[in-house]
Amino acid sequence: MSDHSPSSPDFESLYVSHHGWLVGWLRRRLQREADAPDLAQDTFLRILRRSEDSGMPVLREPRHYLATVAKRVMIDHFRRQTLEQAWLDALALEPEPEALSPETLSILLESLREVDAMLHGLGTKVRQAFLMSQLDGTPYAQIAEQLDVSVSSVKKYMAKATEHCLLYRLETGQ
C-alpha cells in the first residue's frame, strides 16, 4: 500500500482533525442544518475517491481545500434539490395519476439525477437542444429557430451532447 492510499495517515488525519470543523462550516451555510453531516461525509468521500486515482495531495491549508470541495458538493446538492422540486412541481400539475409507490418514485428521482449528472457540464444551448430533440422530438430547424442559432450549430450541439453522454457512461460504467 502506497503512502497516498485512501487509508493513508494523511487522509485519516485530515478526517479526524477537520470533520467536526467541516460539519460546523456547512451548518452555517445550509438552510437545513441537519444536511451538514451528510454533506461533510460526501465531501470526504469525494476526496477519498480522488485520492484513489491520484493520491492524497499535500495540503498546506486543509480547511481551505475542504471548503473548496464542500462548496462543489453543496452546489451538486442544491442542483439535485432544485431538479427534484421541479419534477415534483410538474407532477403536481398533472391530473391525479395512479399513486406511485415509494420504490417507483425513488427510481424516477434517481433516473432524473443520473440524467442531470450526465448533462452537467454541457453549455446551456447544447443542453437545451439535446433535451428538445430527445424529449420532445423537436426537429433541428425548429430548435435552431427557438435557440436563435443555425441548423449546423444545432447539429454540432447534438454531436457534442451525444459524445458527452457516451463519455459519461463509459466513465461511470453505466
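Tabulated values for the structure
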item: Ranked list, fewest to most other Cβ atoms within 10 Å of each Cβ, for 33, 163; result: 163, 33
item: Cα long-axis angle, helix 62-93 against the chain (0 to 90 degrees, to the nearest 10); result: 30 degrees
item: Net charge dipole size for the range 121-174 [Lys, Arg +1 and Asp, Glu -1 on Cβ; Debye, nearest 20]; result: 120 debye
item: Top positive-direction residue, dipole computed over the range 1-100 with Cβ charges, set 51, 93, 13; result: 13
item: Residue-by-residue Karplus 3J(HN,Hα) for the range 153-161, coefficients 6.51, -1.76, 1.60, Hz, glycine and proline x; result: 5, 4, 4, 5, 4, 5, 5, 5, 5
item: Relative contact order (%) - the range 121-174, alpha-carbon pairs under 8 angstrom, separation at least six; result: 38 percent
item: Span from the the range 125-144 Cα centroid across to the the range 59-82 one, whole angstrom; result: 32 Å
item: Nearest 10 degrees, 0 to 90: helix 36-54 Cα axis against the chain principal axis; result: 90 degrees
item: Charge dipole (the range 121-174, unit charges on Cβ, about Cα centre) - positive-most of 152, 131, 172; result: 172
item: 222 nm mean residue ellipticity, helices alone, for the chain (DSSP H n ≥ 4; -39,500 (n - 2.57); rounded to 500); result: -26000 deg cm²/dmol
item: Net lengthening on full extension, residue 82/residue 32 (0.36 nm per residue, minus Cα-Cα); result: 16.5 nm
item: Coil-residue trypsin sites (Lys or Arg not before Pro) of the range 3-91, DSSP, other Cβ within 10 Å capped at 13; result: 32, 60
item: Ellipsoid semi-axes in whole angstrom, largest first, where each is sqrt(5λ) of the Cα gyration tensor of the chain; result: 37, 23, 15
item: Electrostatic dipole magnitude of the chain [Cβ: Lys, Arg +1; Asp, Glu -1; Cα centre; debye, to 20]; result: 820 debye
item: GNM flexibility winner over the chain from 149, 69, 115 (Cα, springs under 10 Å); result: 149
item: Full-stretch length increase - residue 61, residue 167 - with 0.36 nm per residue and alpha-carbon distance subtracted; result: 34.8 nm
item: Among 36, 70, 86, residue whose mean-square fluctuation peaks in a GNM of the chain (springs only between Cα atoms under 10 Å); result: 86
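Here, each number is a calculation from the coordinates, and none is a lab measurement. Owing to the predicted nature of the structure, the values given are computational and were not obtained by experimental measurement. For neighbour counting, all protein chains shown are included, and Cβ atoms are generated from backbone atoms with ideal geometry for every residue, glycine included.
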